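The values are calculated or read from the model by the stated rules, or taken from the named source; none is laboratory data. Predicted model, so just to flag it, every value in this text is computed and none were measured. Here the Cβ positions follow ideal geometry from the backbone for every residue, glycine too, while neighbour counts run over all protein chains shown.
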Amino acid sequence: MEGLIALVSRALQEDIGPGDITTESTVEEDADARALITQKAPGAIYGLDAAATAFALLDPDARTERLVQEGVWREQGGPVMSVEGRARALLSAERTALNFLAHLSGVATMAARAARAVEGTGAKVLDTRKTTPGLRALEKAAAALACHSAVRFGDVLEPSEQRRLLADLESTEESVTCPHGRPTRLLIEWQELTRHFRRNY
């Protein structure tokens, strides 16, 4: 996302300023470390790019691995991201990375909950211009990726979009239900299809 590096850089500067005195005083300069970010409550995750950027800005060789798909509701939580790199960098970037991740995941979670609350009523959840200064693009992206931007009845999908959705579905651990427990597959008899489409072939 355009401007992400500058935004995260400003956040790091605000948080640690000229340096992280505590970390520099207690952690060896050449020490390496591994960290695991975990989701502990139901919700949808967003902000992995911002979190990874925070670690990379302090350690360009840091290795991050995404362990969750953004915007997908998870009732049980679980691993979100792993990161390996210089211990000082990981500790110094941790608060900034988690601040972005927690805030944007909160936006995505609330958007998903709002969408579920009005499901079936004909109402539509919209994001507004009332966003946090400097975070508008990220907050709108978090909301857009949550459930209220899901494919709904009546939406028109190109064949390529249909194939991609089916491929994504097959790659999930639970392909027969969505994260909310609703079925993703319906068995329709051939006679039913021909009746709806009025074709006999």
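Annotations
- Qualifying position, being farther than 24 Å from ASP15 by Cβ and among the hydrophobic types (A, V, I, L, M, F, W, C), among VAL125, VAL107: VAL125
- Residue match in region 60-83 (condition: in contact with a His (Cβ under 9 Å, 6 or more places away or on another chain), surrounded by fewer than 17 Cβ atoms within 10 Å (Cβ to Cβ) and at pLDDT 80 or above): yes
- Region 2-48: number of residues that are under 26 Å from the mean Cα position of the chain (by Cα), outside any helix (DSSP H, G or I) and either outside the structural domain of MET110 (by TED's automatic domain parsing) or not aliphatic (A, V, I, L, M) (or both): 10
- Condition met for THR53 (in the same structural domain as ALA112 (by TED's automatic domain parsing) and either within 18 Å of VAL107 (Cβ to Cβ) or out of contact with any helix residue (DSSP H, G or I) (no Cβ under 9 Å at 6 or more places or on another chain) (or both)): yes
- Within region 11-59, tally of residues that are surrounded by 12 or more Cβ atoms within 10 Å (Cβ to Cβ) and of a type in the set (D, E, K, R): 6
- One residue stands out in region 15-32 among those that are among the hydrophobic types (A, V, I, L, M, F, W, C) and modelled with pLDDT of 90 or more: the one that is farthest from THR96 (Cα to Cα), namely ALA31.
- The set of residues in region 116-135 being among the basic types (Lys, Arg) and assigned to a loop (DSSP other than H, G, I, E, B) consists of LYS124, ARG129, LYS130.
- Residue match in region 84-100 (condition: in contact (Cβ under 8 Å) with a residue 24 or more places away in the chain and of a type in the set (Val, Ile, Thr)): yes
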